[in-house]
Amino acid sequence: MTSRDKFVHALLFVLFGILVPWFKGLPFMDLQLLAVYSCLGFLFVSPRVVDDVFGAGKRVDLLSLAKSIAYGWIASMAMIALGLITVNIGLPRLVLPPAVVLLSLAILSLLLSIIVGSLSAVVAQQSTTPDKAKSILRISFLLLLCVMLASPRLLSDSLQDQFLSLTIADKFARFTLWTAPILAMSAAASVVWAVRRGKLVN
């Protein structure tokens, strides 16, 4: 990971771990916002994966891929934790989202990080330089982030009601229970795809 990547990661922690929660206050614990935060690990996973792939001659090393995914996932969870600590500064008592919500976010974030890490490896294999691969991934992630933030406003009233129902802790937990197996299979398939593409490239 380059010095520039380290600087960007530190900046992300200050911005999203301290400044945004400080100005948002208790609304920071809105489930939609926390869901976006659980995806911020993608910004940490992708650069490391790209550097690993180029460093290995465009092959995918499973151990390096696992380390990069773990790094990104832990970073997103740490950012949420830092945000919650920031929000609670000065409050008379500790206020946290329900434990089932935090657990569901952690599970979904991990599975999505595996998928994103594998897709990042494929993008790196297709790119001529690490910088080009990182640029493609950053733009893709920012577009995804915009869609996640704007999509509820673009839905019909009935679909908005269904979406808002997912922000209730128990319904979000059931949603996680249903989607986790699908994401787990997708994650496994994406890892296999990335590894096999690496063999074909070489």
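Coordinate-derived values only; no laboratory data. As the structure is a prediction and not an experimental result, all values here were calculated from the model. Note that we place each Cβ from the backbone using ideal geometry, even for glycine, and neighbour counts take in every protein chain shown.
Overview of results
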read-out	value
Residues of type lysines that LYS171 reaches as a straight line, Cα spacing below 25 Å, ignoring anything fewer than 8 places off in the same chain	LYS24
Principal axis dimensions, largest first and in whole angstrom, of the chain by Cα	57, 37, 29
Extension gain, ASP131 back to LEU12 (0.36 nm per residue minus Cα-Cα distance, nm)	40.9 nm
Förster radius 30 Å - calculated FRET efficiency between VAL192 and VAL95, Cβ distance, rounded to 0.05	0.10
Convex hull per residue volume in Å³, alpha carbons only, for region 82-141	97
Dipole magnitude (debye, nearest 20) for the chain, charges at Cβ of Lys, Arg, Asp, Glu	500
Semi-axis lengths (Å, descending) of the ellipsoid that matches the C-alpha gyration tensor of region 1-82	28, 13, 8
Ranked packing of 124-131, 50-57, 38-45, most packed first, by mean Cβ within 10 Å	38-45, 50-57, 124-131
Set of lysines with alpha-carbon distance to LYS132 below 29 Å, sequence-local pairs under 8 removed	LYS6, LYS58, LYS67, LYS199
Separation of the LEU82 and LEU145 label points, Cα + 7 Å toward Cβ, nm	1.4
